[in-house]
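Visitor: Questions regarding the structure given below will be posed in turn.
The values are calculated or read from the model by the stated rules, or taken from the named source; none is laboratory data. If you're wondering where the values come from, they're calculated on a predicted model, not measured in any experiment. No Cβ is skipped: glycine too gets one built from the backbone with ideal geometry, and neighbour counts run over all protein chains shown.
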Amino acid sequence: MPHLRQLRLARGAVWLAIFVSFGVLAGVVFIASGAYNVAANERHFNITESLITFALDRSVSVRGERRSVPDLDDPGLVRLGALHFENGCAACHGRPGRPASPIVQGMYPSPPPLDGAAREWSVPELGWIVHNGLKMTGMPAWPGKGREDEVWPVVAFIMAIPEIDAAEYDTLTGPVAHGKSLPIRDPETMAEFCEACHGSAESPPASALAPPLTNQSPEYLYRSLEEYRAGLRQSGMMEPIAAELSDDQMRALAMRLGGPPGAVKPPPIPAGRLSPGAELAWRGDPARDLPSCFGCHGERAGPDFPRLQGLSGRYVANQLELFRNGVRGLSAQGRVMAHVAGRLSDDDMEAVAEYIGRLNRQEDLAAASARAQ
C-alpha cells in the first residue's frame, strides 16, 4: 500500500508539472504573438486589472502603515502643500473644481482626481505613495532623496481637497495659480512665484517650514539655488524649480529676494543665566567642540552663510535633523554643519531650535509694533 500511494503521488506530480509547463508555454506563446493589446485606449482584461489593483493595494497598505505621521493639523501645511501641488501635481491630477487635461485623461491608467483619495487611502498610505510613487502608472517618486519630511504638506492638502472649491484653491495658491507656472523667464515674475511660499517683506511665509528669504544675503541665496540645481542639496520642492534656472536667472533672483549687506543684525546677548538653547546659540559648548550658532550665523557671518534671523523653530529643528542625518551634508558648507549637528543630542536640537524660534517671534512682534506706530 505505501508503494501504491507513492506511485499515485508521483503520477500526480508528473501531471501537475505537465499542466504548469503547458500553462507557462501557452503564456509565452501568447505574449510572443503580440496578441495582448498594450494600447492606452484598450483596458486590461478584468482579471488582469483586478490582480494589478489587488497587488497595488496590498503593497501600499503593508508599507504605508509602517510610517510615522507628523501632526498635520496646521493650515500652513495645507497652503504649502497646495502651492507645491499646483507646481508639480495639478497638470496630471487636475485641480479642485477643474478636471485634468483631456490629454492626461488619455493615459492608462489615467491619474485620478484626488477628491476621493482621503476616502480610499489612509494618511500613512498617502505619505508612502507621494514619497515613493507607483510603478507603471506615471506617478513619480519624490525628487528629493531623503526628504520624506517634505511630502506631508502635500498629504495635508490632499486630505483637505474634499472641502476646497475652485475659488478657495485659487486663494491658497495665489500667484502660482494665476499663470505663473514654470518655466518663468522674467525675474520679477519668478520672484513673485518664490514669494508665494517664502513670503516677502510685507507678508509671512506660507508655512513655518518655508524659510523667509528677505533676511538672507544674495550670495547665500545664489549658492542655495546652485546646490539645488546640482543635486548637492536635496529638496523635492526646490530641485525642480532650480533645474529650470540659468546662472543669470539665479543671480537676478537672489539679488531681488535677498536683503542688503548688514541689514540684519542679531539681538544683543541676553544678560544673566542662559537657558540651554540660548547657551548653545550664543556660547556653544567648548567641551564638546560645539561652536556657538551666532558665531557663524550672526553679525560676523560670511555673505554666503545663512542668517538665523526670521527662521522658525520648526524650520531650524528640521534642518538640524537633515544635517545630522547627512541629507544636507553633500556640499562643502553642508559637511561643516553635518559635523556640528552630529554632536548635538535630540534635547540640544530641540532647545536651540525653540530658543531661536522664540527669539524671532519676539523680533517679529517688535517689528510689527514699530510698523503700526
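Visitor: Could you give me the residue pairs with C-beta distances under 7 Å whose first residue belongs to the stretch 342-357 and is within 18 Å of L209 (Cα to Cα) and in contact (Cβ under 8 Å) with a residue 12 or more places away in the chain, whose second residue is among the β-branched types (V, I, T) and not in a loop (DSSP other than H, G, I, E, B) wherever it lies, and which are 6+ apart or on separate chains?
Guide: That search, which allows pairs on different chains as well, returns A353/V316; I356/V316; G357/V316.
Visitor: Okay, moving on. Here are the criteria: (1) among the aliphatic types (A, V, I, L, M); (2) within 30 Å of D165 (Cα to Cα); (3) assigned to a helix (DSSP H, G or I). Tell me which single one L72 does not satisfy.
Guide: L72 satisfies every listed condition except (3).
Visitor: Here's another thing I want to ask about it. Please count how many residues of the stretch 33-59 are in contact (Cβ under 8 Å) with a residue 24 or more places away in the chain and among the polar types (S, T, N, Q).
Guide: The qualifying residues number 1.
Visitor: Testing G302 on (1) closer than 21 Å to D347 by Cβ; (2) modelled with pLDDT under 90, one condition comes back false. Which one is that?
Guide: (1)
Visitor: Which members of the stretch 68-109 meet the condition of being in contact with a Gly (Cβ under 7 Å, 6 or more places away or on another chain) and either among the acidic types (D, E) or touching a residue at least 60 places away in the same chain (Cβ under 8 Å) (or both)?
Guide: V69, M107
Visitor: When you go through M136, M107 one by one, which is the residue that is hydrophobic (A, V, I, L, M, F, W, C), out of contact with any Ser or Thr (no Cβ under 6 Å at 6 or more places or on another chain), part of a loop (DSSP other than H, G, I, E, B) and on the phi < 0 side of the Ramachandran plot?
Guide: M107
Visitor: What tally of residues in the stretch 93-104 results from selecting those that are in a helix (DSSP H, G or I) and at pLDDT below 95?
Guide: Residues in the stretch 93-104 being in a helix (DSSP H, G or I) and at pLDDT below 95: 3 in total.
Visitor: Return the residues of the stretch 223-280 that are of a type in the set (K, R) and either modelled with pLDDT of 90 or more or in contact with an Asp or Glu (Cβ under 6 Å, 6 or more places away or on another chain) (or both); say none if nothing qualifies.
Guide: R223, R229, R233, R251, R256, K265, listed by residue number.
Visitor: Looking at E65, E168, E148, can you tell me which residue is surrounded by fewer than 19 Cβ atoms within 10 Å (Cβ to Cβ), at pLDDT below 90 and not aromatic (F, W, Y)?
Guide: E65
Visitor: A further question follows. Yes or no: A156 within 18 Å of R79 (Cα to Cα) and surrounded by 17 or more Cβ atoms within 10 Å (Cβ to Cβ)?
Guide: Yes, satisfied.
Visitor: Please state which of the following conditions L213 fails to meet, knowing it meets all the rest: (1) in a loop (DSSP other than H, G, I, E, B); (2) under 17 Å from R358 (Cα atoms).
Guide: (2)
Visitor: Can you name the residue in the stretch 114-152 that is among the small types (G, A, S) and more than 14 Å from V60 (Cα to Cα) and, of all such residues, is farthest from the chain's Cα centre (by Cα)?
Guide: G116
Visitor: Need the failing condition index for E168 against (1) under 14 Å from the mean Cα position of the chain (by Cα); (2) of a type in the set (D, E, K, R); (3) not in a loop (DSSP other than H, G, I, E, B), just the number.
Guide: Here E168 meets the rest and fails (1).
Visitor: With the requirement that a residue be free of Cβ contacts under 8 Å to residues at least 12 places away in the same chain and either of a type in the set (A, V, I, L, M, F, W, C) or in contact with a Pro (Cβ under 9 Å, 6 or more places away or on another chain) (or both), what does the stretch 120-135 give you?
Guide: Those that are free of Cβ contacts under 8 Å to residues at least 12 places away in the same chain and either of a type in the set (A, V, I, L, M, F, W, C) or in contact with a Pro (Cβ under 9 Å, 6 or more places away or on another chain) (or both): E120, G133.
Visitor: Which residue, of A196, A201, A210, is at pLDDT below 95 and buried (at least 21 other Cβ atoms within 10 Å of the Cβ)?
Guide: The match here is A196.
Visitor: Further question on the same structure: Inspect all residues belonging to the stretch 45-68 and state whether any of them is closer than 24 Å to A210 by Cα and within 33 Å of the chain's Cα centre (by Cα).
Guide: So far as the stretch 45-68 goes, yes, one or more of its residues are closer than 24 Å to A210 by Cα and within 33 Å of the chain's Cα centre (by Cα).
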